[in-house]
Amino acid sequence: MPIEATIIILDNSEFMRNGDYQPSRFHAQSDAVNTVFQSKVDSNPENSVGLMTMAGKGPEVLVTNTKDLGQVLAAIHTASGKIGGNTDIPTAIAVAQLALKHRQNKNLRQRIIAFVGSPMEGPAADERNMIKLAKKLKKNNVAVDIVAFGDGMEEGEQSVLKAFVDNANSNDNSHYVSIPPGPQLLSDVLVSSAVLAGDHGIPEELMGNPEAAAPGAPTGNFEFGVDPSLDPELALALRMSMEEEQARQAAAAATQPPASATEAAPAAAKPDAAYPPDEADDDDEEALLKRALAMSEGDDVDMSGHDGEDDEDEDMSEDEAIAKAIQMSMKENAGEPKEPPKKS
Amino acid sequence: MADDKIESLLAYMENQTTCLNVAGDSPNALKNLPRTKQRVKDSSLPLLSNDDPQLLLNVHFNQAVRLRKLIIHTAEAHISQGPALVKLFVNRPTIDFEEAENEGEPQAVQVIELTQEQVQSGEPISLRFAMQFQKVSTLQIFVQSNFEDGDVTRIDALDLLGTPTLGGGARDLSGLHKEEDS
C-alpha cells in the first residue's frame, strides 16, 4: 500500500447535467469521489486527498490535501452549484501538479485522478500537446488515473486520453478506466477497477478494464469467480470452504451417502468453477444446454463439456456423478453472472 | 581547522534517496548504483535517463554533512552519454525540472561543467567552499545534458566525499570501542 497524496479532478461542465448515469452525471461522479476518498484514506492513514474542479470559470482547487472527509463533502456540495462551462484539461492538470508539489508531507507519492465526462475540445484534443504534458508528469513521477464516462469516452484508436495515460505511465502506476452508462453505479465499477486496486493490495495487473475485457474473462482472473475486492469476505469464505470440502470429499466419497456431499456441493461448486474459468467461454451454450437437460432428467451429466475436470470424470462412481451434477447446476448459476459484461 | 578525514558520504545516505526521469525500474535504481567508484568494464546497473538527457537525483542524508568533493563516473565505452553539465542544489527536496533548469548560481550552489576526462576517470572534483555545502541535509544533483547531447544520460558510479557533522555513526554511539584516531 503506497503512501500517496492524491488530487481528484472533478468534471463540472455542462455535460454533467445529463441523466444517463443515476441520478445525474454529477451525482454519480460525487459518489465516486466519495468512494475514492474513503479508499485512499483507509488504505493508509498518512494518505491525503485534495479536490479540484476543471470547468466553470476555470480550474479551481476546492480543497487542499486533507484526510477529512467532511471538507471534501462540503466542497462537492458547493461545486454542485457551480456546474457549467467547459473543461480545460491541460490547465487543470498543471494546477493539480502544482498543488501536489506543495503538499505538506513531501514523502507522499503524487497521483492525479481525473474524471472526464465531456468531450475533448480545444487544447485538450491536441494529442501532441497532451502527450507532452503526460511525459512531463512521468518525468516528475506523478501517477495519473483517468476515469472516462459519459461524453468523455472516446471511440476506437483515437483515444487521446488513453494515449495520455500510456505516456504518463511508469511501472503500471497510471490507469485508464472507461465506464459506460448502465445499471451499475459509477463508484462500484471504480472500486473493482485498476484505479483503486492498489489500495486493496491487489496487484494491478490482475485488474481488467471492465470495458475491454472479453466475455467471461474479467471474472476468470479471480479465484472462485468472485472479485476479491468487491467482496473479500465471500472470496475468503469460498476458499475456506473449498479446503474443507477437499478434506471432506476424500472421506465422503468412500463411505458416506451422496446427501452429505450434496450439502458441501454448493461450496465446492465455486472452487470447481475456478479450475477452468477461462474455458467457460468455450463451453457456454452447449454446456448450459447439457446441464439443463441433466437437471430436468436427473441423469448423469455428460462431463465432456468441462475439460478441467477430466481427472475426476474417469473415476466417477454413481454417487460422485450425482454430486457432480449438482455442482454443475451450481456452476451454471456461477456462470450466469459472467454474461452481463458481454452486453455492455 | 581540525583535519577531518574526508570519507565517502554514501554511508549516510538514506532510503528516501530518489532520482527522477530514470529509465526502466523505479527511481530507486539508484540504490543499485555501485556505492563507491569502481573500475568496471561493464556496469551491472547504470543509472540511465528516460527520453531526455536530464536527471534529477535527490540524495537524503541521515544527518547534516559537509560536502567537499564529488565523483561522477561513466564507463569508457559509454562516455559520450556521460553527464556534461551538472548543477548542485542543497536542501531543496521539492525542486523540479523547470526550476533546476532555469536557475543558475546563486540559487544553484554550484554549476559544474564536467570534462570527459573527469567523468571517465572518476576523479574527485573539489567543490567550492560554500556555506551551503557545510550543512547539507539533502543534495539535489541535476544533470542537464550529456556529452553527445543525446537523449540518454548514463552514470555508472557516483560518490560524494566529505565529513559528517555529527561524527561517524554507530561507531561513536556504542562507546565500547577504543578511541580510534578518527
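Computed from the coordinates by the stated procedures, all read-outs in this text should not be read as laboratory data. Note that this is a predicted model, so its numbers are computed, not measured. We place every Cβ from the backbone using ideal geometry, glycine too, and count neighbours over all the protein chains shown.
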³J(HN,Hα) computed for each position of the stretch A:27-43 - Karplus, 6.51 cos²θ - 1.76 cosθ + 1.60, integer Hz, glycine/proline x: 5, 4, 5, 4, 4, 5, 4, 4, 4, 4, 4, 4, 4, 5, 6, 6, 5
Cα Rg, Dmax (largest Cα-Cα span) when computed across the stretch A:41-99, Å: 12.2, 36
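State the extension gain, in nm to one decimal, for the chain segment bounded by A:Glu155 and A:Met295, taking 0.36 nm per residue of separation less the distance between their alpha-carbons.
On the way: separation 140, 0.36 × 140 = 50.40 nm, distance 4.33 nm.
Full extension from A:Glu155 to A:Met295 adds 46.1 nm.
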Unsatisfied cross-links (Cα-Cα over 32 Å) in the set A:Lys40/A:Lys135; A:Lys40/A:Lys324; A:Lys132/B:Lys69; A:Lys106/A:Lys135: A:Lys40/A:Lys324; A:Lys132/B:Lys69
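Per residue of A:137-143, count partner chain C-beta atoms within 10 Å of its C-beta, then hand back the mean as an integer. Kindly include the intermediate steps, with their values, before the conclusion.
Working: counts 0, 4, 12, 6, 8, 0, 0.
Rounded to a whole number, the mean comes out at 4.
Mean shadow of the stretch B:63-151, computed from the convex hull of its alpha carbons, in nm²?
On the way: hull surface 23.5 nm².
Mean projected area of the Cα convex hull: 5.9 nm².
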C-alpha center-to-center spacing [the stretch B:62-80, the stretch A:9-23] in angstrom: 53 Å
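Using a 10 Å cut-off on Cβ to Cβ distances, tally the other chain neighbours for every residue of B:91-101 and report the average as a whole number. Write down the numbers at each step before the final one.
On the way: counts 0, 0, 2, 5, 1, 6, 3, 2, 1, 0, 0.
That works out to 2 on average.
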Separation of the A:Asn34 and A:Lys132 label points, Cα + 7 Å toward Cβ, nm: 4.1 nm
Per-selection metrics, the stretch A:4-236 (Cα): Rg and Dmax in Å: 16.6, 49
Amide H partners (placed H, <5 Å) of A:Ala148, local residues excluded: A:Val116, A:Val177, A:Ser178, A:Ile179
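Defining a contact as two alpha carbons under 8 Å apart and six or more residues distant in sequence, what relative contact order in percent does the stretch A:134-184 show? Spell out each step's value before the answer.
Numbers: 64 pairs, mean separation 25.4, N = 51.
Reported relative contact order: 50 percent.
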Amide H contacts of B:Ser145 (H built 1.01 Å from N, under 5 Å, at least 5 apart or other chain): B:Ala84, B:Leu85
Stokes-Einstein diffusion coefficient of the stretch A:79-118, Kirkwood radius over Cα pairs, 37 °C, 0.692 mPa s, in µm²/s: 274 µm²/s
